[in-house]
1. Could you list S108, S34 so that the one with the fewest beta carbons within 10 Å of its beta carbon is first and the one with the most is last?
2. Along each principal axis of its Cα atoms, how long is the stretch 68-128 end to end? Whole angstroms, biggest number first, please.
3. In what sequence do Y111, Y75, Y18 fall when counting other Cβ within 10 Å, fewest first?
4. Among L52, L43, L35, rank each residue by its count of other Cβ atoms within 10 Å, from fewest to most, as a rough exposure measure.
5. Quick one, can you get me the convex hull of the C-alpha atoms of the stretch 25-152 expressed as volume per residue in Å³?
6. Starting from the Cα of A17, move 7 Å in the Cα-to-Cβ direction to define the label point; list residues of the stretch 39-72 whose amide nitrogen is under 19 Å from there.
7. Once phi is turned into ³J(HN,Hα) by the Karplus curve 6.51 cos²θ - 1.76 cosθ + 1.60 with θ = phi - 60°, what whole-Hz value does each residue of the stretch 60-70 show in order, with x for glycine and proline?
8. I want the local charge near L30. Using Cβ-Cβ distances under 11 Å, sum +1 for each Lys or Arg and -1 for each Asp or Glu among the other residues.
Amino acid sequence: MIIPMPAMGAMGGPPSAYALSRRPWVKFVLFLQSLLCLVRIVLFLDIMGAFLMAIMIAVGYFGIREEINIQLLCYWGMMCLINGAFDLVKLIDVLVKNRMPLFSSKASSEYNIANGLALAIPVATLMGVPLAWWLFQDYSSGAGPSRSHGTPIRVRDRGGSRIVHVAPDNRFDVGCVIGMGWFSYHVVRVFPPRRLKGCSVAPHFIC
């Protein structure tokens with residue numbers, strides 16, 4: 001494991017009532033992220049950023065496609081945190097270095113709309129973080145199998161059938177490695193930032 005995080009195991013079992021009640025909110029956030037992913041391609045021509053965002057959306061979609069898959073939604077939340085944080089850093093970097101304001105009554109409507117969409121991208125991406133965290137906290141409170149004993153299975157021997165617990169697997173460790181790789185790629189992609197002269201925030205997403 002790269003960073004100290006609690007082992008999550010297989011995270012099986014039926015979803016809780018709380019998880020099912022949050023499913024429409026997850027769908028709404030995924031729909032909003034999908035629209036803004038198209039904006040990154042069509043308006044900002046940010047192909048690589050849209051590709052990374054599409055992978056994030058796909059993970060969230062598979063997490064709610066049939067039943068609530070808490071493990072996939074936790075991966076989705078990690079990707080939302082990394083993508084949203086770096087998109088927000090890029091936005092702040094341009095605001096600090098650019099003399100033009102984010103919104104201006106003197107600028108054209110296209111300028112304000114483009115910058116508004118540029119601001120909406122990190123906001124919509126970060127909206128997935130608290131949802132994934134709340135679902136994980138609900139699962140940890142006892143909605144799923146015990147994380148300390150592993151996944152329960154039934155085995156048969158000479159004394160009859162009994163319940164044993166399999167030690168948690170290392171799939172979350174793999175998720176941490178993927179998350180750190182995702183984080184490292186964004187560091188290389190964003191830094192050192194390029195200073196843009198005489199342009200709005202929106203074109204910065206072309207980097």
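None of the figures in this text is laboratory data; all of them are computed from the coordinates on show. None of the values given here were measured: they were computed from a predicted structure. All Cβ positions, glycine included, derive from the backbone under ideal geometry; neighbour counts span all protein chains shown.
1. Fewest to most other Cβ atoms nearby, the residues stand as S108, S34.
2. 48, 22, 10
3. On the way: Y111 19, Y75 25, Y18 15.
Sorted ascending by nearby Cβ count, the order is Y18, Y111, Y75.
4. Numbers: L52 22, L43 16, L35 12.
The fewest-first ordering by Cβ neighbours comes to L35, L43, L52.
5. Values: hull volume 15.6 nm³, N = 128.
Normalising the Cα hull of the stretch 25-152 by residue number yields 122 Å³.
6. 68
7. x, 5, 5, x, 10, 4, 10, 10, 5, 9, 5
8. Working: positive: R23, K27, R65; negative: none.
Overall, the nearby charge balance is +3.
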